[in-house]
Amino acid sequence: MFRNKLVCESLWGRFWSLTVIAFALGGISIWAEAGEVLTGVRAKGTVHCGVSDGLLGFSLKEPNGRWSGLDADFCRAVATAALGNPEKVVFVPLITSARFLALRTGQIDLLARHTTWTFGREVGLGLHFAGILYYDGQGFMVTRKSGIGKIDNLNGATICVEAETTSEENLDNYFRTRGWKYQPVLVKSLAEAMAAFSAERCRAYTSDRGQLASARVTAPTGGAYVILPGEIAKEPLGPAVLRGDEEWFTLVKWVFFTLVAAEEYGITRDNVQAKQQQGTDLMLKDFFAASERYSKALGVKPDWAAKTVESVGNYGEIFERNLGAQSALKLERGLNRLWTHGGLMYAPPFR
């Protein structure tokens, strides 16, 4: 490999470095106090949500100033459940290296920034991931003129990859396991990666396939780029909160399950009020009755679940609007289909 010891430092080591920084900034606790985050959200009247600094389909600030994307809509869903209003969100754009520290220092209440759920991040950094919002995998993008048709052709290539990400570690593991060589070009952001890739500083750019698709669509010469078939690692992406405030974690987690369950039960943005009046469908009755019955324990209003779906739609609606057929990306749902349709999306029973 063409990597020195500093570059090869494990992500685990980097994460613990963040912990040291956090303590140095004033003895910041690894965990929140019980109820602290939820109480703070109510006091501010807003949810401060950490998002990407510009990723079409996930979180992107549009020219009119409004944020769009799967992650942005999840932030709105949480704000609806917690505060009764999907617009009570302060979006905080973060570069990759700043996302965990922003959560740990209280700059944000919720991290919904295209982030991979890993053991080290949850255990080592004191986080809770609320679920897998998007099942993704790591791939590679090359120029059409390169003639590269498969991942095997990248042995010996120069590859752009974002530093301090799972993509960096996965790339190294995949190539070392096969005895391949490569020259990494470490970058700090998607914009920097695409600038380096466009300038031909690297023959390929590796990241989550969703991010590659976003980069290709938004690039001025996107038609000149090809995403290679195949994946080298699984990338379960999901929202995260600081460990310790179980009330906040429980609410964020069940907001996610509400969106998934609503799609399974046929509850949409447009028909949610009518569905509440149906008395013959027992699963619907359980969904609405349970969400109301336990609303006090969650610290929210009785109609929080219905209002959440009404504000952003069910999971399928959010996906299609931002990533699927109704979006510029036109991505297949794949593993993000409901379990009843061959996918992995699944919510525990509302009882």
**Asked** Per-residue HN-Hα couplings for the range 190-195, Karplus 6.51 cos²θ - 1.76 cosθ + 1.60 at θ = phi - 60°, whole Hz, x for Gly and Pro?
**Response** 4, 4, 5, 5, 5, 5
**Prompt:** Across 10 Å bins from 0, what is the distribution of all Cα-Cα pair distances for the chain, in whole percents?
**Reply:** 5, 25, 32, 24, 11, 3, 0
**Item:** Nonlocal amide H pairs with VAL92, under 5 Å, H built at 1.01 Å
**Value:** CYS49, GLY50, VAL51
**Request:** Positive end of the charge dipole of the range 45-191 (Lys, Arg +1 and Asp, Glu -1 on Cβ, about the Cα centre): tell me which of LEU111, ALA157, GLY65 has its Cα farthest that way.
**Result:** ALA157
**Prompt:** When the helices in the chain are scored as -39500 (n - 2.57) per DSSP H run of 4 or longer and the sum is shared across all residues, what 222 nm value do you end up with, to the nearest 500 deg cm²/dmol?
**Reply:** -11500 deg cm²/dmol
**Message:** Show me, for the range 326-333, the HN-Hα J-couplings you get by feeding each phi into the Karplus relation (A = 6.51, B = -1.76, C = 1.60, θ = phi - 60°), rounded to Hz, glycine and proline as x.
**Reply:** 8, 10, 6, 7, 6, 7, 6, 6
**Asked** Would you list LYS145, LYS253, LYS234 from fewest to most Cβ contacts within 10 Å?
**Response** LYS145, LYS234, LYS253
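Full extension from ARG42 to LYS181: what is 0.36 nm times the residue separation minus their Cα-Cα distance, to one decimal in nm? Provide the component values of the computation, followed by the final result.
Working: separation 139, 0.36 × 139 = 50.04 nm, distance 5.23 nm.
Additional length available on full extension: 44.8 nm.
With a sphere of radius 9 Å drawn around the Cβ of TYR134, what net charge do the other residues whose Cβ falls strictly inside it have (Lys, Arg +1; Asp, Glu -1)? If you can, show how the numbers build up before the last one.
Values: positive: none; negative: ASP71, ASP136, ASP208, GLU235.
Value of the local net charge: -4.
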**Prompt:** Between the range 185-259 and the range 316-351, how many Å separate their Cα centres?
**Reply:** 17
**Asked** Which lysines, on any chain, are close to LYS275 with Cα under 28 Å apart, when same-chain ones fewer than 8 places away are left out?
**Response** LYS88, LYS253, LYS285, LYS296, LYS301, LYS307
**Request:** Please work out the Cα center distance from the range 37-83 to the range 94-113, rounded to the nearest Å.
**Result:** 13
**Prompt:** Which residues' amide hydrogens lie under 5 Å from the amide hydrogen of ASP136, considering only partners 5 or more residues apart or on another chain, with H built in the peptide plane?
**Reply:** GLU235, LEU237
**Message:** Checking the cross-link filter: which lysines have an alpha carbon closer than 23 Å to that of LYS330, excluding same-chain neighbours under 8 positions apart?
**Reply:** LYS61, LYS150, LYS234
**Asked** How about the range 166-275: which GluC sites (Glu not before Pro) there lie in a loop by DSSP and see at most 12 other Cβ atoms within 10 Å?
**Response** GLU200
**Asked** Once amide H atoms are placed 1.01 Å from N in the peptide plane, what residues at a sequence separation of 5 or more from VAL185, or on another chain, have their amide H within under 5 Å of its amide H?
**Response** ILE159, CYS160, VAL161
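For ASP73, ASP270, which order do you get if you count the other beta carbons within 10 Å of each Cβ and list the fewest first? The partial results should precede the final answer.
Details: ASP73 26, ASP270 11.
Going from least to most buried by this count: ASP270, ASP73.
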**Complete:** Once normalised by the length of the chain, the mean sequence separation of its alpha carbon contacts under 8 Å that are 6 or more apart gives a contact order in percent of 22
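When only DSSP loop residues count, what trypsin sites (Lys or Arg not before Pro) in the range 85-123 have their Cβ near at most 11 other Cβ atoms within 10 Å?
Numbers: sites: LYS88, ARG99, ARG104, ARG113, ARG121; in loops: LYS88, ARG113.
Answer in residue order: no site qualifies.
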**Item:** Sequence ranges 340-347, 183-190, 283-290, ranked by mean other-Cβ count within 10 angstrom, highest first
**Value:** 183-190, 283-290, 340-347
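Equivalent-ellipsoid semi-axes (√(5λ), Cα gyration tensor) for the range 183-321, whole Å, largest first?
Numbers: eigenvalues 345, 69, 28 Å².
Each semi-axis is the square root of five times an eigenvalue, giving 42, 19, 12 Å.
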**Request:** Can you pull the one-decimal nm distance between simple spin-label points at ASP270 and SER146, each 7 Å off the Cα toward Cβ?
**Result:** 4.3
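None of the figures in this text is laboratory data; all of them are computed from the coordinates on show. Source: prediction; values computed, not measured. We place every Cβ from the backbone using ideal geometry, glycine too, and count neighbours over all the protein chains shown.
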